[in-house]
Every structure is written in C-alpha cells, then in structure tokens.
1. Give the peptides 53-60, 86-93 in descending order of average Cβ contacts within 10 Å, highest first.
2. Taking the Cβ of Ala58 as the centre, find all other residues whose Cβ is under 14 Å away and add up their charges (Lys, Arg: +1; Asp, Glu: -1).
Amino acid sequence: MDMPLDFEERDDEPMSPNTTNVTVRFFGGSAELAGAHVLTLAVPPEPRLPEVLAALYAAVPGLKDKLQVRLADGTFTILVNGRNAGFLDDSETTLHNGGTVAFVPPLGGG
C-alpha cells in the first residue's frame, strides 16, 4: 500500500489566528490505518487530547473505530508531546501550537 509521507506539510504557524496546529504522527501499523505517517490538524486554541482526537476522527473517516479497538487492547499507545497519555491527567494533555500527538506500537527491549 502506497502511503504519503505527509498528509499536509507541518507548519508551526497557526493556520488562522483562532487555531492551533497539532501534528499527529503514526508509527507502525497505525500509519496503515490512518493512510499517512503525519497529519497536521488545525484545532481550537489550547485543545486537550479529546478535542484533538475528535478533530482527527473527523478528518479521517473510519479511523475512530479502527484505532479505538487497538488502543483498548494495547496495540497502540498515545503519546502527547512525548509523554504517555495514560499517565497524564486531563490538564496535562493540553496542546499548544506545534504540539504533537503520536500513536506508537508497544516498545520492548532489554
């Protein structure tokens, strides 16, 4: 399956004065589900993770059902600015312009 490397070029300048640009990155199998490795979303200023996910699901039809199953079974983890969202309280998931949400597969090593 051919996937574009970028859905939209990343730009840290807001798309409008009333929006915040958030980059969503997909690693491993999540990139196949999303059809891209990177998306840039314009969302209301200082969104929390639930608002970013709502914008993502609106931008990529059908993604919500595919991702929710895999998030529930631990196939993917969500990172907010490099931190595991599962360990953050709601206020810590606030994103600012240029913030990043990532979907990553389990990491292992030793």
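Every read-out reported here was derived from the displayed coordinates using simple, explicitly stated rules and does not represent laboratory data. What you are looking at is a predicted structure, and each value in this text was computed from that prediction instead of being measured. Methodologically, a virtual Cβ is constructed for each residue, glycine included, from the backbone with ideal geometry; neighbour enumeration extends over all protein chains shown.
1. Numbers: 53-60: 16.9, 86-93: 11.2.
Highest-to-lowest ranking by the protection proxy: 53-60, 86-93.
2. Here the count lands on -1.
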